[in-house]
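Comments concern the structure below.
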Amino acid sequence: MENSEKFFWGGSIASHQCDGAYDQDGKGPGIMDYVTAGSVSKPREFHDKCRDGVIYPSHYGIDFYHRYKEDIALFKEAGFTALRISVDWSRIYPNGDDNEPNRAGIEHYRDVIKELKNNGIEPIVTLYHFELPMAVVKNYDSWTNRKTIDLYLRYCKTMFTEFKDDVKYWATFNEMNHLDSDMILSDFFTYMNTGLCYSKIENPAYAMTMCSYNMTLASVKAIELGHGINPDFQIGCVFGLTPTYAWSCNPDDSIAAFKAMDRDWYQIDAMCKGEFPQYKINEYKKRGINLEISDEDKEAFKKSHLDFIGVNYYGSSVISTTEENNSGDNFFGGQNNPYLKQSDWGWTIDPKGLRYLLMVLDRRYNLPMIITENGLGAIDKLEEDGTVHDQYRIDYVKAHIDELKKSIKEDKVNCFGYLMWGPIDLISATTGEMKKRYGFIYVDQDDEGNGTLKRIKKDSFYWFKEYTKNGGNSS
Ligand code: BG6
């Protein structure tokens, strides 16, 4: 891209959604291994034990664990220069607190990273993408306990040290901003981040506050730890950001929209403004939660140095202070925008929202950014001749990239990459379905895990390859 020295084109995937092999090579049980398949109308369930005859999609994923070479070759062919992968903590420390790391887990990721580099694809590694060893939930109460910070840091240290010379770009967490004691707090969002179900815990607002605080602190400490191991590391954190517009020009709506965004900013603020934000502490106080920050923690926030912001962007929301205009029908909270359409899964499609979001982030933080996720979950039809005509996906991705180009060119935003979500079809995180497909590459598998797993290039595969050629400047 024109005014960026190095611009990454590529995709993002997460271990628990694509690997499978959930009990192979010493992997321990992770929180997502107990989550059933669901659908847009049937929520996924979380089980204490895996039950016979029940489908747990993380157990098979799309078998990326064994097929990564074939898939990476396809990514290369599509013109990818970066791939964001996640490391599943339970492959490295099966119980979270084991004395020694699991060598087979480390060697697996070494092979994947080597394969990427041999194909000219930069690995961008997320250390926590809804992947927490279940034993940490059972034995330590997950992130409510500060001991989990130490366990996480030990795992990070292992990864930073093992891959000191092979990985430059790291992300400490994926979308932990969905944990906020005041927002949509569905069982699902809290479970994905912590392995705890909101409706089943005592004093959930307090527990979630402690989880988000401890994870934020863990991120800050991991960044410092990583920079100590290799000062050239670029260590960021990935956030799921949903710009919220005011429904009307009623100043009350503007204030509500501004405040709604605190849930997306406060952790970024804590990671790059030198302190855990007072506005969040005040908000907790209003809810009867007294968050005491020790001098040691204050020191950690003061030293914090976030290298980049990872932006997961799927759509926007609207908020109104008038009850009749606040239907609460938006997937991420607030309501749907009458000017915009939604996907088949009810996610608002708003390419201009990406430009708006990047401008706000740039003016607020002045940090390098990368689009770490963006994409359209849709139902694809595999034709008899083996083709998939997904013009809707091409339209979606192109519209977002076009807005991104405007932010870089006109708004002078510092963005160094566009990684689309799920470049190869994988298991949906929120519904556990296979039919909610994001990929340029079709995977022959259904919602029950049946199929040949054959990889098939969709029309969007050829389009992306062409569109991003020559750094994306020719289109
Ligand atoms: C992001 C997550 O929030 O959304 C991914 O980081 C997830 O893990 C993606 O897959 C899309 O959500 P879904 O539910 O459509 O898979």
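The values are calculated or read from the model by the stated rules, or taken from the named source; none is laboratory data. On a predicted model such as this, the values are computed, not experimentally measured, just so you know. Note that each Cβ is placed from the backbone with ideal geometry, even for glycine, and that neighbours are counted across all protein chains shown.
Annotations
- Any hit, the range 410-429, residues being assigned to a loop (DSSP other than H, G, I, E, B), of a type in the set (Val, Ile, Thr) and within 15 Å of the ligand (Cβ to nearest atom): yes
- Residue among Asp71, Asp88, Asp141, Asp63 that is surrounded by fewer than 23 Cβ atoms within 10 Å (Cβ to Cβ) and either within 16 Å of the ligand (Cβ to nearest atom) or under 22 Å from Trp170 (Cα atoms) (or both): Asp71
- Scan of the range 38-72 for residues that are hydroxyl-bearing (Ser, Thr, Tyr) and in a loop (DSSP other than H, G, I, E, B), ordered by number: Ser39, Ser41, Tyr56, Tyr60
- Residue that is polar (S, T, N, Q) and either within 15 Å of the ligand (Cβ to nearest atom) or modelled with pLDDT of 95 or more (or both), where the choices are Asn325, Asn366, Asn336: Asn366
- The numbered conditions (1) within 15 Å of the ligand (Cβ to nearest atom); (2) crowded, with 19+ Cβ neighbours inside 10 Å are all true for Gly346 except (2).
- Residue that is farthest from Ile106 (Cα to Cα), among those in the range 1-26 that are among the charged types (D, E, K, R) and either modelled with pLDDT of 95 or more or out of contact with any helix residue (DSSP H, G or I) (no Cβ under 8 Å at 6 or more places or on another chain) (or both): Glu5
- Helices (runs of 4 or more DSSP H) completely within the range 166-267 that count 3 or more residues being more than 15 Å from the ligand (Cβ to nearest atom) and closer than 21 Å to Glu299 by Cβ: 204-229
- Candidate set from the range 18-43 (those that are buried (at least 23 other Cβ atoms within 10 Å of the Cβ) and closer than 15 Å to Thr431 by Cβ); member that is nearest to the ligand (Cβ to nearest atom): Met32
- Selection within the range 381-409: residues that are surrounded by 19 or more Cβ atoms within 10 Å (Cβ to Cβ) and either within 16 Å of the ligand (Cβ to nearest atom) or of a type in the set (Ser, Thr, Tyr) (or both). The member of this set that is farthest from Thr452 (Cα to Cα) is Ser407.
- In the set Asn337, Asn282, Asn330, Asn290, only one residue is part of a helix (DSSP H, G or I) and polar (S, T, N, Q); that residue is Asn282.
- Residue within the range 442-450 that is farther than 20 Å from Ala73 by Cβ, of a type in the set (Val, Ile, Thr) and either within 16 Å of the ligand (Cβ to nearest atom) or in a helix (DSSP H, G or I) (or both) present: no
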